[in-house]
Amino acid sequence: MKSWSKSLQSNYGTPVLELVSGKGATVIDSKGNQYLDFLAGIATNVLGHAHPAVVKAVSKQIATLGHVSNLYAHPNVIALAEKLVKMTGDKSARVFFCNSGAEANEAALKISRKTGHTRIVATKDSFHGRTMGALSLTGQPEKSKAFKPLIKGVTHVPYGDMGAMLKKVNKKTAMVIVEPIMGEAGVIVPPHGYLQALRELCDDTGALLVFDCVQTGMGRTGDWFGYEYSGIKPDVITLAKGLGGGLPLGAMIALGDSAELFQPGDHGSTFGGNPVATAAALAVIETIESKKLLKRVGDVGVELMADLALIEGVRSVRGAGLLIGIEFSAPIAKQVAAQCQKNGVLVNGNSDTVIRIAPPLIISDRDVAKFLKIFTESAHEVAK
Ligand SMILES: *Cc1c(COP(=O)(O)O)cnc(C)c1O
């Protein structure tokens, strides 16, 4: 696509497809081809494309009052914060709104420094965003090496390795940040008991436990937040991706005592909690509730994972709910993803061996069946 590189910077690869419209789990490109969207804007369009509830809420809000800044309150920002507080199950939780996952993690980084400690422990291969603070947390040296120096005092330990955590987390640690399931790294599920052990360690040392739920939040795993299966609560939750149902919106939620750490003047964002983005988020949450999508996501996910595991050449299938990593025995993931696209299904080739899928939470049984058929055919076409 020549027109892309003539006006946009080269930080992304040049896209092959140009998408022009969508409805539900279907998108249409500029040549009129249809695709079943099993990536949903990278785990973002939780209600699919052009969902009537989101369209209605956003249209009404932009026609009424589009932006107020945080010098003024607005009913949506309060209603959404109240919803999120309720979803955490902790009445003392308090919300800060921003516009992206990186910004949510920047806010977590800043709130952790208000503990009076400076050191941070994160995990290798993690993804927490691309701004300088978030990039310092991200455990992928190839993404940060050109931009050094990063923030000082950040240590990365192998994901899922409690022994390594015990060696690095101590009374000087401001925060430990982990993804409940690593998304960008290829949908890596931690060993049983990991999140609980992190909770204990942070309780012992006083470090804030931060769960980056940017990808695993908003129903993606069949719970509101990707850590809920563990039964424990973190001190800080970061959200973005699915929160705005396609509109840019992020949040950093502090629970318990950490909700008191930010004081007036400590942090801010002009667009954070914008009336239109928060209208979309309210519509998303209300729809997930009224359509009982959390349970549906859990059920569909279990079945889909079982079916995917039966495909020839698939070594393992992992994830939770509708965040699923499909690992092939051979390094064919990128070719299979390209073949799927040719055959009318959008998925993400995460690495040479792993494909990630994150369909809209409203996905129908019919679309799941169609996906399985095309995905299986595509895998066979590449393998033969
Ligand atoms: C996508 C992602 C981010 C970064 O979000 P942006 O909105 O791209 O800044 C952070 N953490 C996780 C777990 C993510 O998946």
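Test of the criteria: in the stretch 77-156, which trypsin sites (Lys or Arg not before Pro) are in a DSSP loop and have at most 14 other Cβ atoms within 10 angstrom of their Cβ?
91, 152
With θ taken as phi - 60° and the coefficients 6.51, -1.76 and 1.60, list the Karplus ³J(HN,Hα) couplings across the stretch 5-12 in order, rounded to whole Hz; mark glycine and proline as x.
Per-residue couplings from phi come out as 6, 7, 10, 10, 5, 8, 5, 9 Hz.
By a straight-distance test (C-alpha under 16 Å), which lysines pair with residue 384 as possible cross-link partners, with residues fewer than eight away in the same chain excluded?
Excluding near neighbours in sequence, the set is 334.
Starting from the 7 Å offset along Cα-to-Cβ, what nm value, one decimal, do you get for the label separation of residue 352 and residue 152?
Output for this residue pair reads 3.9 nm.
Residues of the stretch 41-61 with amide nitrogen under 14 Å from the 7 Å Cα-to-Cβ point of residue 286?
What the label zone holds, given the 14 Å backbone N cut-off, is 52-61.
Mind scanning 2/23; 23/370; 110/171 and naming the pairs with a C-alpha gap bigger than 21 Å?
Cα-Cα > 21 Å for 2/23; rest within.
For the stretch 56-61, take each phi angle, set θ = phi - 60°, evaluate the Karplus expression 6.51 cos²θ - 1.76 cosθ + 1.60, and give the result in whole Hz per residue in order, putting x for glycine and proline.
With coefficients 6.51, -1.76 and 1.60, one gets 5, 5, 5, 4, 5, 5 Hz.
For the charge dipole of the stretch 54-290, defined by +1 on Lys and Arg C-beta atoms and -1 on Asp and Glu C-beta atoms about the Cα centroid, which residue among 109, 186, 222 has the Cα displaced farthest towards the positive pole?
After comparing all options, I get 109.
Taking H as built 1.01 Å from N, whose amide H comes closer than 5 Å to the amide H of residue 49, not counting residues under 5 places away?
Hits under the 5 Å cutoff: 23, 24, 25, 26.
Return P(r) of the chain (all Cα-Cα pairs; 20 Å bins starting at 0; whole %; ordered from short to long distances).
Pairs per bin, as whole percents: 28, 59, 13, 0.
Using a Gaussian network for the chain with springs between C-alpha atoms less than 10 Å apart, which of these wobbles most: 322, 84, 361?
Ranking 322, 84, 361 by mean-square fluctuation puts 84 first.
Amide H of residue 98: which non-local residues (sequence gap of 5 or more, or other chain) have their own amide H closer than 5 Å, using H built in the peptide plane?
Those lying under 5 Å, H to H, from residue 98 are 250, 251, 252, 273.
Convert each backbone phi in the stretch 361-370 into a coupling constant with the Karplus relation 6.51 cos²θ - 1.76 cosθ + 1.60 (shift: θ = phi - 60°), then list the ³J(HN,Hα) values in order as whole Hz, x for Gly and Pro.
5, 8, 4, 8, 4, 5, 5, 5, 5, 5
Roughly how far apart, in whole Å, are the Cα centres of the stretch 65-117 and the stretch 267-312?
19 Å
Note down the magnitude of the dipole of the chain about its Cα centre, charges +1 on Lys and Arg C-beta and -1 on Asp and Glu C-beta and zero elsewhere, to the nearest 20 debye.
I would put it at about 700 debye.
Every number here is computed from the coordinates shown, using simple stated rules; none is lab data. Please read these numbers as outputs of a predicted model, since none were measured by experiment. All Cβ positions, even for glycine, are placed from backbone atoms using ideal geometry, and neighbour counts span all protein chains on display.
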